[in-house]
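In what follows, a single structure is set out as structure tokens and then discussed.
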Amino acid sequence: MREAPIDQSLKTSTGPIFAARLFSNIASPPALFSAFAFLMAWVDRPNLSGVAWAAVYGFLAHLLPVLYLVYLYKMGKVYDIHVSSPAERRIPYRVGLGGAIVSYLIVRLWADMPLLANLILIHLLIMLVLALANELWLISAHVATITALTLLVGQVFGALFSLILLPLIPLTFFIRRYLKRHTLGELISGLFLGVGSVLVLAALNA
């Protein structure tokens, strides 16, 4: 059963609630995907050109959707900046999916950067499932993102680096549940989505 998030009111956002919300914002899907994009781009191409391609992806797939969401919030068309309800998530999901598709095509067609392309493809797969499932079932994008990135880092840099990031998965799981942003089922769905996106990537690259 869905409960009202405990961090919607700024008056209650102190102490543990403030810390949990701060972690959620820092570990949000746009922030994590953008940060890891620069890492993968630098491994692909350790120069300003690689950084520029990561910036293109970050702008199209993350900054534009976030700016659009802020616009909707300012206009009163979205009442929760964290878009907890399916109705509020519908348009931001579609904008994010469109940005991911465009940036993936641009990188695949004009940049020889396989690691960045793989990261964008994982983002695209996650956004596609989120957009399709939104009307029937909410899925934790936070859990899906940190799970997928933890596994991807292991594929690129080795299992040790995945183990370093591994504690962030249960921490994200706990914090999103603590804030009542998701039910237990939605968090578990995010876990499966993160694992599934990496498995699909591996199958496509096989």
So which of 113, 127 is farther than 18 Å from residue 140 by Cβ and either touching a Ser or Thr at 6+ places or on another chain (Cβ under 7 Å) or modelled with pLDDT of 90 or more (or both)? 113
Of everything in the range 105-115, what is surrounded by fewer than 21 Cβ atoms within 10 Å (Cβ to Cβ) and assigned to a helix (DSSP H, G or I)? Give them in sequence order. 105, 106, 108, 109, 110, 114, 115
Checklist (1) part of a helix (DSSP H, G or I); (2) under 30 Å from residue 105 (Cα atoms) applied to residue 164, failing item: (2)
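Conditions tested, residue by residue: (1) aromatic (Phe, Trp, Tyr); (2) touching a helix residue (DSSP H, G or I) at 6+ places or on another chain (Cβ under 8 Å); (3) at positive phi.
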site	(1), (2), (3)
158	no, no, yes
165	no, yes, no
173	yes, yes, no
184	no, yes, no
205	no, yes, no
Is one or more of the residues making up the range 147-159 more than 18 Å from residue 31 (Cα to Cα), outside any helix (DSSP H, G or I) and among the aromatic types (Phe, Trp, Tyr)? no
Any idea which of (1) part of a loop (DSSP other than H, G, I, E, B); (2) touching a residue at least 60 places away in the same chain (Cβ under 8 Å); (3) under 14 Å from the mean Cα position of the chain (by Cα) is the one residue 180 doesn't satisfy? (3)
Do any residues in the range 103-117 that are polar (S, T, N, Q) have Cβ atoms under 8 Å from those of residues that are surrounded by 20 or more Cβ atoms within 10 Å (Cβ to Cβ), where the two are at least six apart or on different chains, and which pairs are they? 103/57; 103/60; 103/61; 103/120
Among the residues of the range 79-87, are any touching a Lys or Arg at 6+ places or on another chain (Cβ under 6 Å), of a type in the set (Gly, Ala, Ser) and crowded, with 16+ Cβ neighbours inside 10 Å? no
Tell me which residues, restricted to the range 60-91, are part of a helix (DSSP H, G or I), hydrophobic (A, V, I, L, M, F, W, C) and in contact with a helix residue (DSSP H, G or I) (Cβ under 8 Å, 6 or more places away or on another chain). 60, 61, 63, 64, 66, 69, 72, 91
Identify all residues within the range 135-184 that are in contact with a Pro (Cβ under 7 Å, 6 or more places away or on another chain) and surrounded by 19 or more Cβ atoms within 10 Å (Cβ to Cβ); write none if there are none. 138, 141, 142, 145, 179, 181
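The values are calculated or read from the model by the stated rules, or taken from the named source; none is laboratory data. Since the model is a prediction, treat every value here as computed from it, not as a measurement. Neighbour counts run over all protein chains shown; Cβ positions are idealised from the backbone, glycine included.
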